Amino acid sequence: LATLIFALLVGRYVQQRGQRAAADGAELLYSLTPFSARVVTDNGTVQQVPSEAVLPGMTLEVHAGETLAADGAVAQGRSQLDLSLLTGESQPVTVAEGDTVFAGTVNLSSPLRVRVEQAGESRRVARLLRQVDESARRRAPVVETANRIAVYFVAAVLVLAAGTWLAWRVVDPARAVDNAIALLIVTCPCALALSTPLAVSMALGRAAQQGIFVKGGDALELLSHPGRLVLDKTGTVTEARTRLIAWQGPDWARPFVLALEKHSTHPLASGFRDAWPEMVVPNAVDAQHVAGGGIRGTVDGRRVAVGSPAFVGAEVTSVAESLDTARTDDALTPVHVAVDGVLVGIAGFGDPVRADSADAVGALVARGWDVSLLSGDAPGVVASVARAVGLDAGRATGNASPEAKLLTVERLRAVTARPVVMVGDGVNDAAAIAAASVGVGVHGGAEACLATADVYLTTPGLRPLVQLVDGARRTMRVIHRNIAFSVVYNVVGASLAMTGRLTPLVAALLMPLSSLTVVLVSWRSRTFRASEGAA
């Protein structure tokens, strides 16, 4: 009996530890914004101050590679910002004087001066994190069905024992007490109560061994039934990195491009270098970087320009005959290359779809899930990714702000009784993840997203998501099998005791066997499998 009680308490302890609340909004805020900022004083000097000291009306100086500490408007400079963490936009966004910028975004290329309009708790990122906290608190606590049954079960056993004693007092008074005691002994609420938490705790442990961290058994129960599955695009379905996808142009033009991009920190420059790593690169002279446009310079005595179509177009006088300017993909970011005033090359950059995304989405659809894409990226890009993973363009929604994602998830929950699962990796997904029936944070995600998620996948890609729903379905099968065994055992045991066919000694031998059976079934069940694929 002590062993069984110990096992029950261990199972409950593991389950309660897994059901952690969302992280405190203030702690998350510190992880997303810098600890300090550069403030431009009235006399033009720059001082380093704690981010908590930044107030509306101040002017901040933000260097390339730094994160903005407050919301505001660009007062001076032109640069490109990485908004992917906050909005889901996969490509850098050009900002210039007068444009609105937000805390938590990263300045990529050139220094900026930003006039602060919102600071502290009024920043957009802070408002989003408050929504995360509010959505998490609205969740009602999950009461285990088996525990509720066990309460009524004990009351029913006591009533039956009293009825057995009264009945046998009439038939054979000498056996009345023995039969009533046998009924009390053989019936085992422990088996019924253990069946759910033990199976869940074992499933949580096996899932963790596969890199799937589930914070509560309620998430497994919801994931065992197909419902609405909403996928973020950037970093979830795609790799969240800029890569050269298409190239039109002669091979001799590539070294010229690399010469200009050799020392650039821009993501597109990294994409060129990653695509052509083994090439011998000449030296560039008089390289000039134009924020939001591109870069120009002289390579081996020839004038070279690499950048946006508008930037390069200002220097182009003709187009190479071999170049097809109409053959462009709307889902890719175009970069033009001109040499001595001739447009000789067009590169297309994009965020590549993960290798396992199409197979995983197909497997989820085959299992009955209604899958859709919801992203802050451009609608054309989102539709292209949807087609790449086997979804209709109608199931792809772009230009979705964090607030719009939250409203979409709340609307889906209001119109369907099935579970609504949100999968994402950024701060822009955190509020929607908290509002979903089950929120899933993927590998490499922002801390705010992972802290509020019910499930965290440590392995990149969507294949672990298939493993998660399959493991949840198997876990529920184990639970149902355990409950069915417990009910059948108790009905048969109670019937034998009430009819006088079971002595207290035999009942004492049978009772622990029922609990041990439940323990062994849960222990040996293969709910999460290491070699499981997406198909």
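In segment 238-258 there is at least one residue that is within 28 Å of PHE528 (Cβ to Cβ), of a type in the set (D, E, K, R) and at pLDDT below 90.
Just one of the listed residues (GLU315, GLU321) is open to solvent by less than 80 Å² (accessible area, probe 1.4 Å) and at pLDDT below 90, and it is GLU315. Considered as a group, the residues in segment 253-276 that are assigned to a loop (DSSP other than H, G, I, E, B) and in contact with a His (Cβ under 9 Å, 6 or more places away or on another chain) include one that is farthest from PRO352 (Cα to Cα), and that residue is SER264.
Residue count for segment 275-312, restricted to those that are open to solvent by less than 40 Å² (accessible area, probe 1.4 Å) and touching an Asp or Glu at 6+ places or on another chain (Cβ under 6 Å): 3. Taken residue by residue, segment 452-460 has no member that is in a helix (DSSP H, G or I) and out of contact with any helix residue (DSSP H, G or I) (no Cβ under 7 Å at 6 or more places or on another chain). Determine if segment 232-252 includes at least one residue that is without any contact (Cβ under 8 Å) to a residue 24 or more places away in the chain, more than 30 Å from SER357 (Cα to Cα) and out of contact with any Asp or Glu (no Cβ under 6 Å at 6 or more places or on another chain). Within segment 232-252 (the criterion being without any contact (Cβ under 8 Å) to a residue 24 or more places away in the chain, more than 30 Å from SER357 (Cα to Cα) and out of contact with any Asp or Glu (no Cβ under 6 Å at 6 or more places or on another chain)), the answer is yes, since at least one residue qualifies. The residue that is modelled with the highest pLDDT, counting only those in segment 435-459 that are polar (S, T, N, Q) and over 17 Å from GLN209 (Cα atoms), is SER437.
Among the residues of segment 360-382, those identified as open to solvent by 20 Å² or more (accessible area, probe 1.4 Å) and of a type in the set (A, V, I, L, M) are VAL365, ALA366, ALA378, VAL381.
For segment 389-426, taking the residues that are part of a loop (DSSP other than H, G, I, E, B) and among the hydroxyl-bearing types (Ser, Thr, Tyr), the one that is nearest to LEU465 (Cα to Cα) is identified as THR416.
Checking each residue in segment 297-341 for being under 40 Å from the mean Cα position of the chain (by Cα) and in a strand (DSSP E or B) picks out ALA305, VAL306, GLY307, THR333, PRO334, VAL335, HIS336, VAL337. Considering only residues in segment 51-70 that are part of a strand (DSSP E or B) and at pLDDT 90 or above, the one that is farthest from GLY104 (Cα to Cα) turns out to be THR59.
The values are calculated or read from the model by the stated rules, or taken from the named source; none is laboratory data. Just so we're clear, the structure is a prediction, and the values are computed from it rather than from any experiment. We place every Cβ from the backbone using ideal geometry, glycine too, and count neighbours over all the protein chains shown. Just so you know, the surface numbers come from the protein's heavy atoms only, side chains and all, with ligands and any DNA or RNA stripped out. Shrake-Rupley method; radii C 1.70, N 1.55, O 1.52, S 1.80 Å.
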